[in-house]
Each structure stands twice: as C-alpha cells, then as structure tokens.
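The values are calculated or read from the model by the stated rules, or taken from the named source; none is laboratory data. Just so we're clear, the structure is a prediction, and the values are computed from it rather than from any experiment. FYI the Cβ positions are ideal-geometry reconstructions off the backbone, even for glycines, and counts take in every protein chain you see.
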Amino acid sequence: MTKSSRKSHERKSAEMNAIGLLMEDHRKVQKVFKEFEKSKDGMDSDEKAEMVRHCCTELKIHTQIEEDIFYPAAREAIEDEELVDEAEVEHAAAKQLIDELEHMGPGEELYDARFTVLGEYVNHHIKEEEHAGGLFTEVKKAKLDLEELGGRMMQLKQKLQGEMEPEAGEHASA
C-alpha cells in the first residue's frame, strides 16, 4: 500500500469510526486556533472574521454530533457518567463564547481574546476526552460498535454541514 493510499484508507476508516471522526475534528480546529494565534496581528478583518466563522461552524457541528449521538451512547455504555457530564458542561461554556463571537466583528473589543479563550477551552476539552482514562478510553473499553456509531455521526455531520454553510453565507452578506 502506498503512502497516499494508506492515508486515504486511514481517513475513510476514521470517518466511519466514531472516535476517529471526533479526533479528526479536534485536529482541524486545533490547527485553526494555532494559525489564528500566529497570524492574528497580520490578518485583515475579513480574513479574521472568516477564520473565526469557519472554526465556530466546525465546533457547532462537532458539539451537536457529540451531544445528539456520541454522548448518549457513551452515557449508556460506560460506568463513569461524570466524564460525559463534564464534557457537556465544557460544551456549554464553548457554546456561550461561540454565540458571543457570532454577534461580534473582528474590530470589536475582546474579539481576539474571546476566540483565544475559546481555543483554550476547546484544547482543555480535547485533552479531557483523549487522555488515558478519559471519555474516549472508557468508550473503547465499553466495546461500543464504533463503526456503526461513526456512520450515524457522519450522516448527521453531513446534514448539518449542508444546513450551516448557506447560513454562513447569509452572515457574510449581512
């Protein structure tokens, strides 16, 4: 298997595996947060607004597939429900910052700070889910059908992407 076909195979496998799908989402938004921190002072307002909008949309989709499909399955499968409770509370804090950012513009006071803090919250949340003994580890131990779960999550993700993308265009022209 060539390197590129192996990557393609790994991506397809990750897309159908619930945890792989979530981790792929994690890496995407972490990359955006890093890029923002490196480039925020050199970006114009439109670039900054587009980067924040894109990341917030990705996060809204991610949190919805976790809350609608992954967390309920995890809650039923694992013994430590507190892991899911904490993840849901972390989502609530992130959603609040996303909402605030969606009602602001890049020139407004605290815009950059809000996005930076959102990145810190998200990175904390990712560490909590992915670390040894975290939610993903417990879900793997529970022997859930991660392929079936991932398939349902991917369907919802694609549906949400279709719904949220036109909405993003409306905000850009508003």
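Results, tabulated for the structure shown:
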quantity: Only one of GLU37, GLU67 that is assigned to a helix (DSSP H, G or I) and either at pLDDT 95 or above or at positive phi (or both); calculated: GLU67
quantity: Single condition VAL29 does not satisfy, out of (1) surrounded by 20 or more Cβ atoms within 10 Å (Cβ to Cβ); (2) more than 30 Å from TYR111 (Cβ to Cβ); calculated: (2)
quantity: Check on MET43, out of contact with any Cys (no Cβ under 8 Å at 6 or more places or on another chain), among the aliphatic types (A, V, I, L, M), surrounded by fewer than 19 Cβ atoms within 10 Å (Cβ to Cβ) and closer than 18 Å to LEU156 by Cβ; calculated: no
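One line per residue, one yes/no per condition, for (1) of a type in the set (D, E, K, R); (2) assigned to a helix (DSSP H, G or I); (3) modelled with pLDDT under 95; (4) under 10 Å from the mean Cα position of the chain (by Cα):
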| site | (1), (2), (3), (4) |
| --- | --- |
| ALA14 | no, yes, yes, no |
| ILE19 | no, yes, no, no |
| MET23 | no, yes, no, yes |
| HIS26 | no, yes, no, yes |
| LYS31 | yes, yes, no, no |
| CYS55 | no, yes, no, yes |
| LEU59 | no, yes, no, yes |
